[in-house]
Structures are given as structure tokens and as C-alpha cells.
Amino acid sequence: MDPILLSIATAAAGSLAGEAAKGIVAAGKFVRERFGGDEGRELVLLRAEAGKIPPEGLAAAIEQDCADDPEFGRALSELVGRPIRISQVDQSGQQVMFQNNFHDGAPKNVVQADRIENLRLD
């Protein structure tokens, strides 16, 4: 899960400690507005505010909304000033367990595979 989503969830639950970045706080308010308009989402938000679920639970709900509504994800990214990575889910509903992050450009040749079967090196 993207650490920025956890920060947003913490801000939305009202327990962000210390001096928070303005973008994170704005994103937390944005999430509160969105979740406040839906009974199921609001329940998750209220449980996080009350400490009945950890911030990771709220972050997972935010992540799911980002995956379901890419425009919402883009809006959050704009508020925090950096792209938010959303965990990928494969066809069986399992979270993809690998990820590459390249900063300042990628290597010239990169190969990443989930599974390679029947590979022959003759």
C-alpha cells in the first residue's frame, strides 16, 4: 500500500500528529467529504475516527476507491503533489506482490514477470 494513502487515512481520521503537510490535510478533508456522502464509506471513516479500526483499514478503503474511480485517485494525487500508487489486483482478486520503482530514469533494459512457465534454455 502506498504510504501516502496511509497518511491521508490518518489525516481523514483526525489523528495526524505534528505539523502535517498542507496537501495531506487537504486530501484528508477531501476524503472526509467523499466518505461522508456514502453510508458504507462513512461507517469506515467513523470507525477509524473512533480508533476501532487502524488507519490501514481506512487507507485500504481509500485505495479501493482510487482503484474504482481513477479520477478520485488523480484528484488525491494533485492535492498531495505526487502520484499515488495503487496496489494492483490480479484476476483471482489477489494483490500483486511485486513492484518496481525507478527514480531519475529507468535502466535501459527492464523485464518483470509475474510467472514464467515452460522456459527452456537450450
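What to note about this one:
- Hey, Ala9 of a type in the set (A, V, I, L, M, F, W, C), assigned to a helix (DSSP H, G or I) and modelled with pLDDT under 80 or not: yes
- Within region 42-69, the residues that satisfy the criterion of being among the aliphatic types (A, V, I, L, M) and in a loop (DSSP other than H, G, I, E, B) are Ala50, Ile53.
- Among residues of region 67-87 that are under 17 Å from Phe35 (Cα atoms), those with a Cβ under 9 angstrom from a residue that is hydroxyl-bearing (Ser, Thr, Tyr) and surrounded by 13 or more Cβ atoms within 10 Å (Cβ to Cβ), sequence gap 6+ or separate chain, pair up as Ala67/Ser87.
- Region 36-47: number of residues that are at pLDDT below 90 and either among the acidic types (Asp, Glu) or closer than 14 Å to Thr10 by Cβ (or both): 1
The values are calculated or read from the model by the stated rules, or taken from the named source; none is laboratory data. If you're wondering where the values come from, they're calculated on a predicted model, not measured in any experiment. Note that we place each Cβ from the backbone using ideal geometry, even for glycine, and neighbour counts take in every protein chain shown.
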